[in-house]
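Participant: Encoded as C-alpha cells, here's the structure I'll be asking about.
The values are calculated or read from the model by the stated rules, or taken from the named source; none is laboratory data. Computed from a predicted model, the values in this text were never measured in an experiment. All Cβ positions, glycine included, derive from the backbone under ideal geometry; neighbour counts span all protein chains shown. What goes into the accessible areas is simple: the full protein's heavy atoms, side chains included, and nothing from ligands, DNA or RNA. Shrake-Rupley method; radii C 1.70, N 1.55, O 1.52, S 1.80 Å.
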Amino acid sequence: GVRSAVFSPFQKLGLVIIDEEHEYTYKQEERPNYHAKKIVDFRAQLSKVPVVLGSATPDLVSYYYAKKGIYEHLLLTKRPMSGSHLPQVEIVDMRAQLQQGNKSVLSDKLREALLTTAAAGEKAIVLLNRRGYSTFVMCRDCGAVLTCPNCAVSLVYHAKEKLMRCHYCGHTEKIPDECPTCHSRRIKFFGTGTEKAQAEIAALGPSIRTVRMDQDSTMGKFAHEDILQEFVQGDANVLLGTQMVAKGHDIPNVTLVGVLSADSQLNLPDFRSGERTFALLTQAAGRAGRGSKPGKVIFQAYEADSKILTMAATQNYDSFAQEELTARKELGYPPFVDLLKI
C-alpha cells in the first residue's frame, strides 16, 4: 500500500518492507503530519518484528546508520536478469549547444539517439523533472546559480517582490543585471514544460510516437496503466514524463533514457537537493538496458561539470555518500543533527 498503509490494523504483524525507502513522499506534509518510516520503526519495536528498507540509492541517513552498525547492511551486486549490464551514460553540456545556436530543449546527441532507437524498433524514456523549475536564477553562459552566502542552498525567486530569498535563513538579494561569476547578461529563470518537450520530440519524424505521463495526463482513473500499456505494447515508442517515469518500471525493450535538465533539481533550496538529484538520475538511468540489449543514457545539463552528475553517471553510490556526508558534517545537517520544524 501507500504510506497510510502503515496504520493497517494487523493482529499478527510479522514483517514490514519499505521499498524505494529513499523517497521523500513517505513524509506527509499536510495534517495529520507523519513520516511513514518513523511510524514503521515504532510499530516494529512494539511488535518486535524486522523491517527491510530497500533502495538502489538509500536515504543518506539510512546509509549512515548501516555503516555505523545500527542497521544491518545487505548489498545486492547483480541486476535481476542475468546478462543485463549497467547502461553507458553520457553527459551533454547544454551551454555548448546554446553557443552552437541550438535553442531546442533537445541536444543534437539526444535527437540523433531518439531517431536511431526508433529505427531499431526499440523504446526510449525521456525524463523532464519539472519540479525543479522557475524557482532559481541561473547564468546560461557559465551555469552559475545564485546561492545563499549563509546556507549553501539556492535562492528562490519571488516574482511579487522581485527579490531572491533564502528559505532557510531569510537572506534576501535583488536580481543582478549580470552574472556575478562571468559577467554575462544571459541570466534568467528557467522553464520548459512536458508539453513543449513533447511537441519537439514528436516533430522529429513519423517514426517517433510519443506518449506523455505527468500530473495533467494521469488525472483520470487507470490513466497510469493505460499510458504504460500503450508504451509496453508498442503503440508508442517514446515515453515522456516527470519523475513518475523514472521509478521502478521494468520494460525490457527500453534501450535509451534521456534526461532533460538533469541538474535542475540540484538548484532547489534544500540541503538534500544533491542527494535527490543523484537518486533520481541513478533510478532513471536504471530503466535502460534491463533486457539483453545494452542501454544508453544521456543527461543534458547546464552544470555539466557538476560532481554529482559525474557520480550519478558512473552510478557510484558509495563515493557520492562519503562526499555528501563529509559536507553535511561540516554544515551541521542530518544525520549529524536533527532538524525540527515548528
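Participant: Identify, from the list Phe278, Phe336, Phe320, the residue that is touching a helix residue (DSSP H, G or I) at 6+ places or on another chain (Cβ under 6 Å) and surrounded by fewer than 15 Cβ atoms within 10 Å (Cβ to Cβ).
Facilitator: Result of the check over Phe278, Phe336, Phe320: Phe336.
Participant: Applying the selection to segment 244-265, what residues are open to solvent by 30 Å² or more (accessible area, probe 1.4 Å) and either among the small types (Gly, Ala, Ser) or touching a helix residue (DSSP H, G or I) at 6+ places or on another chain (Cβ under 7 Å) (or both)?
Facilitator: Result: Lys247, Gly248.
Participant: Which ones in segment 188-218 are modelled with pLDDT of 90 or more, more than 19 Å from Leu228 (Cβ to Cβ) and not hydrophobic (A, V, I, L, M, F, W, C)?
Facilitator: Gly205, Pro206, Ser207
Participant: Is it the case that some residue within segment 234-246 is in contact (Cβ under 8 Å) with a residue 40 or more places away in the chain, touching a Phe, Trp or Tyr at 6+ places or on another chain (Cβ under 6 Å) and either among the β-branched types (Val, Ile, Thr) or within 15 Å of Thr117 (Cβ to Cβ) (or both)?
Facilitator: So far as segment 234-246 goes, yes, one or more of its residues are in contact (Cβ under 8 Å) with a residue 40 or more places away in the chain, touching a Phe, Trp or Tyr at 6+ places or on another chain (Cβ under 6 Å) and either among the β-branched types (Val, Ile, Thr) or within 15 Å of Thr117 (Cβ to Cβ) (or both).
Participant: Inside segment 135-171, can you point out the residues that are among the β-branched types (Val, Ile, Thr), open to solvent by 20 Å² or more (accessible area, probe 1.4 Å) and touching a residue at least 12 places away in the same chain (Cβ under 8 Å)?
Facilitator: Those that are among the β-branched types (Val, Ile, Thr), open to solvent by 20 Å² or more (accessible area, probe 1.4 Å) and touching a residue at least 12 places away in the same chain (Cβ under 8 Å): Thr135, Val145.
Participant: Identify the single condition in (1) modelled with pLDDT of 95 or more; (2) in contact with a strand residue (DSSP E or B) (Cβ under 8 Å, 6 or more places away or on another chain) that Glu20 does not satisfy, given that it satisfies every other one.
Facilitator: (1)
Participant: Can you tell me which of (1) in a helix (DSSP H, G or I); (2) out of contact with any Ser or Thr (no Cβ under 6 Å at 6 or more places or on another chain); (3) among the small types (Gly, Ala, Ser) is the one Ala312 doesn't meet?
Facilitator: In the conditions (1) in a helix (DSSP H, G or I); (2) out of contact with any Ser or Thr (no Cβ under 6 Å at 6 or more places or on another chain); (3) among the small types (Gly, Ala, Ser), Ala312 misses (2) alone.
Participant: Here's another thing I want to ask about it. Considering each of Thr310, Thr314, Thr326 in turn, give the residue that is modelled with pLDDT of 95 or more and either exposed (fewer than 13 other Cβ atoms within 10 Å of the Cβ) or polar (S, T, N, Q) (or both).
Facilitator: Thr326
Participant: On to the next question. Among the candidates Val238, Val257, which residue alone is hydrophobic (A, V, I, L, M, F, W, C) and under 17 Å from Ala312 (Cβ atoms)?
Facilitator: Just one listed residue meets the conditions, Val257.
Participant: Hey, another quick one. Every residue in segment 62-83 that is at pLDDT below 80 and over 23 Å from the mean Cα position of the chain (by Cα), please.
Facilitator: Passing the criteria: Met81, Ser82, Gly83.
Participant: Among (1) within 29 Å of Leu204 (Cβ to Cβ); (2) open to solvent by less than 50 Å² (accessible area, probe 1.4 Å); (3) touching a Ser or Thr at 6+ places or on another chain (Cβ under 7 Å); (4) hydrophobic (A, V, I, L, M, F, W, C), which single condition is Ala113 missing?
Facilitator: (3)
Participant: Then there's this: Out of all the residues in segment 289-298, which are modelled with pLDDT of 80 or more and assigned to a loop (DSSP other than H, G, I, E, B)? So that I can check it myself, show each step before the final result.
Facilitator: Kept after step one, since they are modelled with pLDDT of 80 or more, are these residues of segment 289-298: 293-298.
Listed by number, the residues that qualify are Lys293, Pro294, Gly295.
Participant: Does Ala124 fit the bill of being aliphatic (A, V, I, L, M), more than 24 Å from Arg212 (Cα to Cα), at pLDDT 85 or above and open to solvent by less than 70 Å² (accessible area, probe 1.4 Å)?
Facilitator: The answer is no for Ala124.
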